[in-house]
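The values are calculated or read from the model by the stated rules, or taken from the named source; none is laboratory data. Keep in mind the model is a prediction, meaning the values are calculated, not measured. Glycine also receives a Cβ, built like all others from the backbone with ideal geometry; neighbour counts cover every protein chain displayed. Please note that ligands, DNA and RNA were not included when accessible areas were found on the heavy atoms of the full protein model with its side chains. Shrake-Rupley method; radii C 1.70, N 1.55, O 1.52, S 1.80 Å.
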Amino acid sequence: MAPDASLAAQPRQATSGPAGAALTLPIEGMTCASCVRRVEKALAAVPGVAQASVNLATERAALRFAGPPDLPAVLGAVERAGYAVPEETTELSIEGMTCASCVGRVERALRAVPGVLDASVNLATERAVVRHIGGGAVDAGALEAAVRRAGYEARRIALDAAEARVDRERESRERELRALRRATLLAALLTLPLVLLEMGAHLVPAVHHWVAATIGIQTSWYLQFVLATLVVFGPGLRFQRKGWPNLLRGAPDMNSLVAIGTGAAWAYSTVATFAPALLPADARNVYFGAAAVIVALILLGRYLEARSKGRTSEAIRRLIGLQARTARVERGGKAVEVPVAEVRAGDIVLVRPGERVPVDGEVTDGASFVDESMITGEPLPVRKEAGARVVGGTVNKAGAFRFRATAVGADTVLAQIVRMVEQAQGSKLPIQALVDRVTMWFVPAVIAVAALTFVAWLAFGPDPALTFALVNAVAVLIIACPCAMGLATPTSIMVGTGRAAELGILFRRGEALQTLREAQVVAMDKTGTLTKGRPELTDLIPAPGFDEAEILALIAAVEARSEHPVGEAIVEAARRRGLPVAEVADFEAVPGYGIAATVNGRRVAVGADRYMARLGLDVAAFAKAAARLADEGRTPLYAAVDGRLAAAVAVADPIKETTLAAIEALHRLGLRVAMVTGDNRRTAEAIARRLGIDEVEAEVLPDGKVAVVERLKARGRRRVAFVGDGINDAPALAAADVGLAVGTGTDIAIESADVVLMSGDLRGVPNAIALSQATIRNIRQNLFWAFAYNAALIPVAAGVLWPAFGVLLSPVLGAAAMGLSSVFVVSNALRLRAFRPPMAVAGGGGAVEQEPAAAAGAATRPAAAS
């Protein structure tokens, strides 16, 4: 459910909310692509619905409203289409109510929450029972917030968090699997004697003679009738219950094909058994075995498909598994262990060694190292002390600390990650448009082909024409597989985006999977993307007779009085090496030249070459070093001690160690790389030469990046991906065909980007592009199989090979092929779980698992101009 959605729901009355509100509904009962189109068509017809998108793999519908939403009308449309929207109940404890008017106020507030069907508040028990759409469409945190806005306090009694929802979905899938397993086994047990009696008699003459000599052919038919009836209307009743009503509505689906096919075979055989006089003498045959085997094989296919589909959402379950179950919170001066759902913003939370951080917050006291690799992909634990941010789901190492909760429930970083992955998994790619157009007419077309097949064989087929007509028409109905077409795209998206999350790549919009694959140019902001985004001391070259450490300590002491970023970088370098930063006297700043001060009785001056000339010092001794630094895009500073030239120093924004390897990987993928920077052209081109960058856009002001993106697009009408840090690059990220935000893992809510890279590691860019290519390739394989399968085998089932080769396709083989078709598509999508990125990211992928570190092949001394 979109956070900005606001529609009010009450039982049997219209809801109210602003135009543009959005809602996500779970849909139960869909089995194939035809179901998807039917639900979309029904939802699109509801007044006020501007857009309806249904996903078969996630079994969810995403709605966007143009006018005031009408939730009962939406639910009614789904029900009339033959499907269901599950409901759930959440209980809240309400504090602060004093009279009946309070009850009414709380009830109205709860009913105004998008997705709520009804709310009942009891003043005596101070509890509210809220009935709402299930499947995570309504967040319990939204219910609590609504009550607080009404002026009361609310706490969940029954946890309705993402973990509980995923558990319920898993239990629902497991129940369905158990039911399918039981149905398949029962159908197989009842079908086996049928196969021996009917098909065995056809294939093995000795069996036919044995049956005729013992129980007799007619008795055998009676026995087959009993067994087939038990199969078709026992385990196979699920097809009849859904198939026939949908057919009568004029909206046939996969179940309708099975119901017609098995029903026709069973009915024909029943007539041949009990009223043979109604049929021509040469057409009095029974097909009870075929009807039963078809049901058994399709049930087996459904079971294998359901088992495979259950594995496509493992990434979400693993993400949610990072959440701590409980938290130690200070209440009334004591530490109390409470469920994590009861932690509120502002609570003081205690974290002991080895525990997971339960929610996001800011450290108030204590210190420790926290392993954030599952969120950021950074391999080393990060030191946390007072003022530092901590993220829920990360693991505390050795120390203990307390922190103030700043984000809980749906507002935590981990919850945002889960929400992003779910939204991407539920989206439709542009490539799906063709599939939707085909599947809308597929099942009616199959029924029409089956009818034509029946008529053609009845009119022109050999004797017994009726038998041939029935068998071939049933084969056409049974072999057609709209399921494979419906699952081809969404299953690949689910597995692909889940695998991306495991690698620390979050696709905020599923369509970015396709757009990213089509990118031809990758434009990158320099500062913070190609570089570390903060100045560092990159070079210190002492003159003869001077010690490097001593010179660094002297320069740092003078620069400690400066507020310039260059000075901060030098002081930080000295501190990292454990050098003392002494107090200074007689500090002097010469604008445009440099600074000077007395350190431990020695006069130290630091500045540009013109400052040294002003002091009467010749910097020619460092000419070669200065030329090298200029070629590398760095401008040198100089230091003088007691009137002698002492060192040349360079401070720059260093290139990240992984940048060069990432750019090389992009080139191997056939992409051109462009750099966008505000640096002067000489500096920018020096950096570009070192990194092998193809195109340079230099001297670009912050507000000029959009124009750069448009220029890059215009050159040859290329698709452009823009990579930025997600802060000052938002307009360019939005203007590009696909925007990739290089985050830090704790700042992932970057609305302008299509893709978020959890860590600052640029190797995530080629990994994201390679995964996009692999996912679209997988989707095309699935679509080719689904379309080629139907295009090739439906004509064969209709009997096109009979005139030339005398070959017909048995309905039993058709049932086996149909079942395996869906299994193939899902199994092929699951291969994406084994996707290996072209570049392993140090410390792991981020959100779910950890990858082994790999050598990046970076430059020996990466640096860039500041």
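State whether segment 519-566 is rounded, prolate or oblate according to the following rule on the C-alpha gyration tensor (a ≥ b ≥ c being the square roots of its eigenvalues): a/c under 1.5 gives rounded; otherwise a/b larger than b/c gives prolate, and the remaining case gives oblate. Don't jump to the answer; show the numbers that get you there.
Values: a/c = 6.01, a/b = 2.27, b/c = 2.65.
Oblate, because a/c is 1.5 or more while a/b does not exceed b/c.
When only alpha-carbon atoms are used, what values of Rg and Dmax, in angstrom, describe segment 645-718?
Taking only Cα atoms of segment 645-718, I get Rg and Dmax of 14.8, 55 Å.
Given the C-alpha centroids of segment 483-510 and segment 210-228, what is the distance between them in whole angstrom?
Centre-to-centre distance over Cα atoms comes out at 51 Å.
Let me check I've understood the local charge: for residue 367, count other residues with C-beta under 13 angstrom from its C-beta, Lys and Arg +1, Asp and Glu -1. What total comes out?
Working: positive: 383, 384, 397, 402; negative: 365, 385.
The answer is +2.
For segment 402-488, report the convex hull volume of the alpha-carbon atoms normalised per residue, in Å³, without decimals. Show your work: numbers first, answer last.
Details: hull volume 10.8 nm³, N = 87.
About 124 Å³ per residue, rounded to a whole number.
Determine the distance separating the Cα centre of segment 650-696 from the Cα centre of segment 568-615; give it in Å without decimals.
Each part's Cα centre sits 32 Å from the other's.
Count charges around residue 337 for me, please; just the other residues with Cβ under 14 Å from its Cβ, Lys/Arg as +1, Asp/Glu as -1. Don't skip to the answer; put the middle values down first.
Values: positive: 325, 328, 331, 334, 352, 356; negative: 330, 342, 347, 355.
Summing Lys and Arg as +1 and Asp and Glu as -1 gives +2.
What number comes out for accessible area per residue over the chain if the probe is 1.4 Å? Units Å², please.
Numbers: 35200 Å² over 866 residues.
The answer is 41 Å² per residue.
Could you derive backbone 3J(HN,Hα) for segment 140-154 from the dihedral phi with the Karplus parameters 6.51, -1.76 and 1.60 (θ = phi - 60°), listing whole Hz in sequence and x where the residue is Gly or Pro?
Rounded to whole hertz, the list is 4, x, 5, 5, 4, 5, 5, 5, 5, 5, 7, x, 10, 10, 9.
Residue 317: accessible area at probe 1.4 Å, nearest 10 Å²?
Roll a 1.4 Å probe over it and residue 317 shows about 60 Å².
Counting only protein chains, not ligands or nucleic acids, how are 667, 209 ordered by accessible area (probe 1.4 Å), most first?
Numbers: 667 65, 209 120 Å².
Highest to lowest solvent-accessible surface, that is 209, 667.
Name the shape class, rounded, prolate or oblate, that the alpha-carbon gyration tensor gives for segment 314-413, where a ≥ b ≥ c are the square roots of its eigenvalues, rounded holds for a/c under 1.5, and otherwise prolate holds if a/b is larger than b/c and oblate otherwise.
The shape class here is oblate.
Place +1 on the Cβ of every Lys and Arg and -1 on the Cβ of every Asp and Glu in the chain, take the dipole about the Cα centre, and give the residue among 370, 450, 299 whose Cα lies farthest towards its positive end.
450
With every protein chain in place, what's the accessible area of residue 304 (1.4 Å probe, Å², nearest 10)?
We get 50 Å² for residue 304.
I want to check the label-to-label distance for residue 689 and residue 108. Put each point 7 Å from Cα in the C-beta direction and report it in nm to one decimal.
7.3
How compact and how long is segment 36-96, expressed as Rg and Dmax of its alpha-carbon atoms in Å?
When restricted to Cα atoms, segment 36-96 yields Rg and Dmax of 13.9, 48 Å.
Heavy atoms only, probe 1.4 angstrom, no DNA, RNA or ligands counted: give me 253, 737, 631 ranked by accessible area, highest first. All intermediate terms of the calculation are to be shown ahead of the outcome.
Values: 253 0, 737 50, 631 90 Å².
Result of the area sort, largest leading: 631, 737, 253.
Within the set of other residues whose C-beta is less than 9 Å from the C-beta of residue 678, count the net charge using Lys and Arg as +1 and Asp and Glu as -1. Write down the numbers at each step before the final one.
Details: positive: 526; negative: 679, 699.
Value of the local net charge: -1.
Return the ratio Rg/(2.2 N^0.38 Å) for the chain, where Rg is computed over Cα atoms only. The partial results should precede the final answer.
Values: Rg = 34.8 Å, N = 866, 2.2 N^0.38 = 28.8 Å.
For the chain, the normalised Cα radius of gyration is 1.21.
Students often forget the sequence filter, so: which lysines lie under 29 Å Cα-Cα from residue 713 once same-chain residues fewer than 8 apart are removed?
Within reach: 428, 526, 532, 656, 705.
Take segment 486-534, drop everything but the C-alpha atoms, weight them equally and run the Debye formula without solvent; then report log10 I(q)/I(0) at 0.18, 0.19, 0.25, 0.28 Å⁻¹ to two decimals.
Taking Cα atoms of segment 486-534 as identical point scatterers yields -0.73, -0.78, -1.00, -1.05.
For a bin width of 10 Å, list the pair-distance distribution of segment 430-587 built from all Cα-Cα distances, rounded to whole %.
Reading upward from the zero bin: 8, 18, 13, 11, 12, 10, 7, 6, 6, 5, 2, 0.
How much of the accessible area of segment 427-529, probe 1.4 Å, is carbon plus sulfur, in whole percent? Walk me through the intermediate numbers first.
On the way: 2020 of 2910 Å².
Answer for segment 427-529 is 69 percent, counting heavy atoms of protein chains only.
Using only DSSP helix segments of four residues or longer, with each worth -39500 (n - 2.57), what per-residue ellipticity at 222 nm results for the chain after dividing by its residue count and rounding to 500?
Values: 29 runs with 393 residues, N = 866.
It lands at -14500 deg cm²/dmol.
Got a number for carbon plus sulfur as a percent of segment 597-672's accessible area, 1.4 Å probe? Can you show the working numbers first?
Numbers: 1640 of 3190 Å².
For segment 597-672, the apolar C and S fraction of the accessible surface comes to 51 percent.
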